[in-house]
1. Collect residues whose amide H, placed 1.01 Å from N in the peptide plane, falls under 5 Å from the amide H of B:GLU202; neighbours closer than 5 in sequence don't count.
2. How big is Rg to Rh over segment B:288-415, alpha-carbon atoms, Rh as the Kirkwood inverse-mean-distance radius?
3. For peptide A:231-237, compute the average count of partner chain beta-carbon atoms within 10 Å of each residue's beta-carbon.
4. Out of every Cα-Cα pair in chain B, what percent are more than 29 Å apart?
5. Among the aspartates and glutamates, which have Cα under 20 Å from the Cα of A:LYS153 when same-chain residues fewer than 8 positions away are ignored?
6. Spelling out what I want: for every residue of segment A:99-116, take phi, set θ = phi - 60°, compute 6.51 cos²θ - 1.76 cosθ + 1.60 (Karplus), and round to whole Hz; glycine and proline get x.
7. Determine Rg/Rh for segment B:218-288; Rg is computed over alpha-carbon atoms and Rh is the Kirkwood hydrodynamic estimate from the same atoms.
8. Please give the residues from segment B:29-72 for which the solvent-accessible area of heavy atoms, probe 1.4 Å, is smaller by at least 50 Å² with all protein chains in place than with the chain isolated.
Amino acid sequence: MSQTWAYISNYCIYSAMAVYTLSFFAHAYETAWAVRSPQSEEASSANLLTKTLDYTRTEKVARIATAMMILGFLLLFAGVIARGLSAHRVPWGNMYEFSITGALAFTGAYLGALRKYDLRWLGLLVSIAVLLTLGTAVAVLYRPSAPLVPALKSTWLVIHVSAAIISGGVFLLANVIAAAYLYLDSMESKGPRSAWAQRLPSLEVLDQLSYRLVAFVFPLWTFAVIAGAIWAESAWGRYWGWDPKETWAFITWVAYAAYLHARVTIGWRGRRAAWLCLFAGSTFLFNYIYVNIYGTGKHTYSGL
Amino acid sequence: MTNEIEIPELGALGLFRYSWRQLTSMRTALILLLMLGVASIPGSLIPQRDQNPMKVTQYFTNSPGAARWMDRFSLFDVYGSPWFSAIYILLFISLIGCVLPRSIEHFHAARALPPVTPKNLQRMEFYNTWDSNGSELDRAHSWLKSSHFRILKTDNSISAEKGFTRETGNLFFHLSLILILVGVGFGSLFGMRGEAIVNVGERFINVPTTYDSLTFGKLFSEKDLPPFVITVDKFVAKYNPVTNMPEDYTLWVTEVEKPGAPAVKKIIKVNHPLTFGSTNVYLQANGYSPIVTVRDKAGNVALQGPIPFLPQDGNLRSIGAIKVPDAKPQIGFVASFLPTQARDALRGGISVFPEALDPKLLFSVWRGDLALDKGIPQSVYRIDTSKMERIGLHSLKPGETFFYDGGSITFEGIVPWVNLQVVRDPGKTYALLGGIVAILGLLASLFTRRRRIWIRINDDGRVEVAGLAKNAAPGLEEEIKKLFRLLNGEK
Ligand code: HEM
């Protein structure tokens, strides 16, 4: 019975990867084909822009790209649920499971933000990031579905880990946007934007957007850290022990607090704020990748 | 921010004032905050004494020079080091120095009315003007009131403000950080932490001598140990038959809270400690104690009972030492215990499952001087065999006996042991409270927008409406547009 669910989960995740790949190609097609080479009469005109953008010809593809992203999200969601059913628990027991749930949260954050902001240009980056995450999960991190070790058997697993994974997804989205900011900023400092990048939002919008995302999840991350401390108190007899995982969660928290401070009280904007945002996000990734795999602390649940 | 640094008046007071201003400035706090983050990095990469003492010892053996040098900078005790403490103490002084005055200021400001409408409204972020129809002020007043603005109304103008919660939440957040630190400090001064290995069937009495290891906070006294007694009745560990991973540990105990109190049956699990006030008892680890009887040549019992062995791997292959100091000459057994024995071509005897399905005790027998009375503390799991000679090598199943030259050993059976961790932390409630307030404060401060709206009817009959959002918070535009429409009589 539980084996069946494990198989279903695997198939869902493979299908999700296939669909994300389609979404990736659709996004790539859109980005590339919206650029129209100049017609002869246009080229002779005074218009200095030698290339123009014409979205009407890619609108259909763009819709397909987003639709594929949504389908991928649903399949991945089903995969995560089936994984949980196969083991009769929440699917957050090892690094494979953290990764697939993290990819789910990341796509979810993107799709959620897409409802409010015109973020379709990000789809290319989002689909690459999700494919890389899922690829690594399936190829390197995969472990058969199994019950939890006793220390993980707690309601706090659900609370703490879901808060952490959602925060992570949103932090990473903010990071992708900060990176896009820096890239476009350096492009603009050399002259006008390339044609394909003209559709991307202005620098101010990107700057605001990554700030909003961080400000939005910072309380959730704070909650994740505190929930972890409460759990540690009931499982290990201390709420804070400077275990490597805890230490890096703290570093991430401090880095984002510094980022918010720098923006709200000192008025950092633009490049410096984007670098700080990237730095803070990289502490999160470091915690996830390095500390999970090479760390020696009590948080050795990677299953590797 | 001016960059000119005022030269302070000479004199201690001036210097103090100057340093205080510098310390409690935003910039200093930000730098200290980042420094705290950076300072906690080495501790996550270098093994720490209180988490991983074995690894630290290894460091000292492998590269003693570097290790001694690193030790001088407390790199093996980062989180208790003077430099780490210095950073966070400075940070929190800085925090107190800036948050307390701001709180007082805010408390006064919260009861004051919004400032009067400024002269030049057209410079504001959102501005509109049109010919008055006479009813704008009243309409605006009732709308602002129903939207919970704080309002200062004069004959011809309204000044309204909303979003004080932002600053309130922010202050509560910063104050809660102080509360968390107070909780942490209180816990480490008045707390204690100890561990004891208890065989199933035995009692744990909460006095210092029962502990295998015990550390007190600076202001903790032995009298503060609650006088409870725990009897370990039964312990069951369940393992996954495929992965050998543990699935469940359950410990049944009988507790007596204080002398004369009734005995109560309780269950301890990994995430469910036993609680006595601010003292918790945790199930921390488990293993096996082989029960042995050692007899001398004449058949008199020299030693009898369970001896805790130390697990070495996930399948609970354990090592231990059975020391018989009363035998003449002294006898020692360097032993290992396999809960489910098997043979491996390379490693010899191994255990293939953590449950005691096919237990076996392997040992070598040593005769001579156990070196127990040297005053040097010895591990209970090891024997210093430098002054001993080996007189036998054997393995036993439960119930079997081995005779060596000078006596015999019988492997009677096994009993599990559990490691109880006893922790008292009277500060944790404050830290938890601080954590909750921190989150609520953050939510209040990050999700409220502070903004002001002004309406004025000028002498020439024109209405001016303006708005200003603090911290460039979004959403004011929508709000102002709504107000414009309302005032213009549209629905
Ligand atoms: C001297 C010490 C400090 C001062 C003067 C200070 C002051 C401030 C001020 C003025 C704000 C902006 C409030 C607003 O305009 O909404 C702020 C926000 C914030 N502070 Fe501090 N702070 C200090 C220390 C700290 C510390 C130690 C932390 C955390 C470790 C911290 C975390 C935050 C966070 C997360 C915010 C963002 C909240 C928001 O955007 O409203 N602060 N702080």
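The values are calculated or read from the model by the stated rules, or taken from the named source; none is laboratory data. From a predicted model like this one, the values you see are computed outputs, not experimental measurements. Every residue, glycine as well, gets a Cβ built from its backbone with ideal geometry; the counts of neighbours run over all protein chains shown. Ligands, DNA and RNA are excluded from the accessible area calculation, which covers all protein heavy atoms including side chains. Shrake-Rupley method; radii C 1.70, N 1.55, O 1.52, S 1.80 Å.
1. Residues meeting the amide H criterion: B:VAL232.
2. On the way: Rg = 14.2 Å, Rh = 14.8 Å.
Result for segment B:288-415 is an Rg/Rh of 0.96.
3. Across the residues of A:231-237, the mean count of other-chain Cβ atoms within 10 Å is 6.
4. Details: 83923 of 120295 pairs.
Counting every Cα pair in chain B, those more than 29 Å apart make up 70 percent.
5. Excluding near neighbours in sequence, the set is A:GLU97, A:GLU233, A:ASP243, A:GLU246, B:GLU247, B:ASP248.
6. Working through the residues one at a time gives 5, 5, 5, x, 4, 5, 5, 5, 4, x, 4, 5, 5, x, 5, 5, 5, 9 Hz.
7. Details: Rg = 15.0 Å, Rh = 14.0 Å.
With Rh from the inverse mean 1/r over Cα pairs, Rg/Rh is 1.07.
8. B:LEU30, B:LEU33, B:LEU34, B:SER44, B:GLN51
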